[in-house]
Amino acid sequence: MKSYRRRRRQHEPAELNITTFMNLMVILVPFLLITAVFSRMAVLELNLPTAESVVKQEEPEFSLEVIVRANQIEIGDRSAGVFSVIPKVKDRHDTQALTEKLKDVKASFPDQLAVTLLLESDTDYENLVKVMDAVRSYRVDEGGKFQRAELFPEISIGDAPLMAVVSD
């Protein structure tokens, strides 16, 4: 009779104690949900030139270009050339002056939304982002509340042309 009880006891399934695991999940799940709320991705859509985008036009239309060089930023029209140069201030690109100049351009061409950023190959990413922010919009104080006003939100990126060397 004793051997029958031993066999029966050995074949009974063991009871799982998942209390500790459940306590861990009760703490871990809210923690993961709280931290997931604070992670955010910003996506900026850029218009990169394609081979099909080159179209012959009879009358040249205004095409704003901002050329970022190592020692200055140039603002100009693709067909008319450079009409404004902003030198570096204290070893940094003056994005505030860039925004002010672009406000004047926007006043002259209010329907223009596109701008082409032309960068030298050694331009660092931080400068690229600062220039893109300065070109896209600017801050406006409206009764103590700051709003963003649109300048040129449709940004295309390319390589800057080589700087012409003037010899005497």
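FYI, it's all coordinate maths here, none of it is from the lab. Bear in mind the structure is a predicted one, so any value in this text is a computation, not a measurement. Here the Cβ positions follow ideal geometry from the backbone for every residue, glycine too, while neighbour counts run over all protein chains shown.
Quick look at the values:
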{"read-out": "Condition check for residue 79: surrounded by fewer than 16 Cβ atoms within 10 Å (Cβ to Cβ) and over 17 Å from residue 163 (Cβ atoms)", "value": "yes"}
{"read-out": "Residues located in segment 138-153, provided they are more than 17 Å from residue 102 (Cα to Cα) and surrounded by 11 or more Cβ atoms within 10 Å (Cβ to Cβ)", "value": "147"}
